[in-house]
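A short worksheet on the structure shown next.
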Amino acid sequence: MSEMSAMNRKVIQTLAETISKHAEHFNKTEVEFLIREFNVLLGEQTVSGRAVPGLDRGTFRSILHNIFGMTDDMIMDGVFRTFDKDNDSFVSMKEWVEGLSVFLRGTLEEQIKYCFHVYDLNGDNYVSREEMFHMLKNSLIRQPTEEDPDEGIKDLVEITLKKMDYDHDGRLSFTDFEKSVREENLLLDID
């Protein structure tokens with residue numbers, strides 16, 4: 001084994017030791033694997049010969065599509081925002097591992113917070129009628145009918161609000177969302 005690969009292995013092990021303290025759903029070996037995979041994915045990005053601080057939005061969306069089968073642009077953008085904790089427009093190695101920890105193996109509580117953040121498109125801590133409308137409009141398959149398809153989506157938004165808006169303020173707070181998800185876990189299915 002070359003001296004360089006032994007040094008890289010040691011660096012990865014040290015990084016994994018540090019990151020695994022925050023990514024509690026992965027063991028150290030799994031974190032080492034995710035770091036290696038991150039470096040492979042990062043190597044596919046090029047920005048005019050400079051070092052890239054992490055996975056950019058486009059690369060991250062490709063991963064979500066190719067590995068997890070996601071196709072909805074708004075949801076993929078929401079997942080990116082949720083992983084990109086420092087809002088620097090890149091998912092760093094630490095954000096990658098910690099995000100996957102919750103995304104793949106998070107507790108019900110962690111996944112409720114995660115999904116709410118994905119659905120809260122403008123980051124105001126509420127899911128509004130408009131946000132629901134845009135997400136549903138982009139994710140539902142259109143059927144050819146005489147009826148205006150937007151009307152059906154508006155009806156679905158109203159039904160959703162009637163069922164989930166416990167405080168009747170016309171939008172979903174985290175508390176409304178959490179209570180609804182605890183009653184029906186399928187609401188966490190975001191792909």
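The values are calculated or read from the model by the stated rules, or taken from the named source; none is laboratory data. If you're wondering where the values come from, they're calculated on a predicted model, not measured in any experiment. All Cβ positions, glycine included, derive from the backbone under ideal geometry; neighbour counts span all protein chains shown. The area values use the complete protein model at the heavy-atom level, side chains included, leaving out ligands, DNA and RNA. Shrake-Rupley method; radii C 1.70, N 1.55, O 1.52, S 1.80 Å.
Of the residues making up the stretch 36-46, just one is modelled with pLDDT under 80 and β-branched (Val, Ile, Thr), namely Thr46. Considering Ile159, Ile67, the condition of being closer than 22 Å to Phe38 by Cβ, without any contact (Cβ under 8 Å) to a residue 40 or more places away in the chain, open to solvent by 40 Å² or more (accessible area, probe 1.4 Å) and β-branched (Val, Ile, Thr) is satisfied by Ile67 alone. Of the residues making up the stretch 88-97, one or more are surrounded by fewer than 17 Cβ atoms within 10 Å (Cβ to Cβ), more than 16 Å from His25 (Cα to Cα) and touching a helix residue (DSSP H, G or I) at 6+ places or on another chain (Cβ under 8 Å). Residues in the stretch 9-32 that are modelled with pLDDT of 90 or more and closer than 12 Å to Trp96 by Cβ: Phe26, Val31.
Every condition in (1) in contact with a Ser or Thr (Cβ under 8 Å, 6 or more places away or on another chain); (2) open to solvent by 90 Å² or more (accessible area, probe 1.4 Å); (3) farther than 27 Å from His25 by Cα holds for Asn125 except the one numbered (3). For the residues Gly78, Gly49, Gly69, Gly54, the requirement of being at pLDDT below 95 and under 24 Å from Lys10 (Cβ atoms) singles out Gly54. Could you list, in sequence order, the residues of the stretch 17-28 that are under 22 Å from the mean Cα position of the chain (by Cα), surrounded by 13 or more Cβ atoms within 10 Å (Cβ to Cβ) and not β-branched (Val, Ile, Thr)? Correct list: Ser20, Ala23, Glu24, His25, Phe26. For Pro149, the conditions (1) under 21 Å from Ile75 (Cα atoms); (2) under 24 Å from the mean Cα position of the chain (by Cα); (3) open to solvent by 40 Å² or more (accessible area, probe 1.4 Å) are fulfilled apart from (2). A count restricted to the stretch 101-115 and to residues that are open to solvent by less than 10 Å² (accessible area, probe 1.4 Å) and either over 12 Å from Val79 (Cβ atoms) or modelled with pLDDT of 95 or more (or both) stands at 2.
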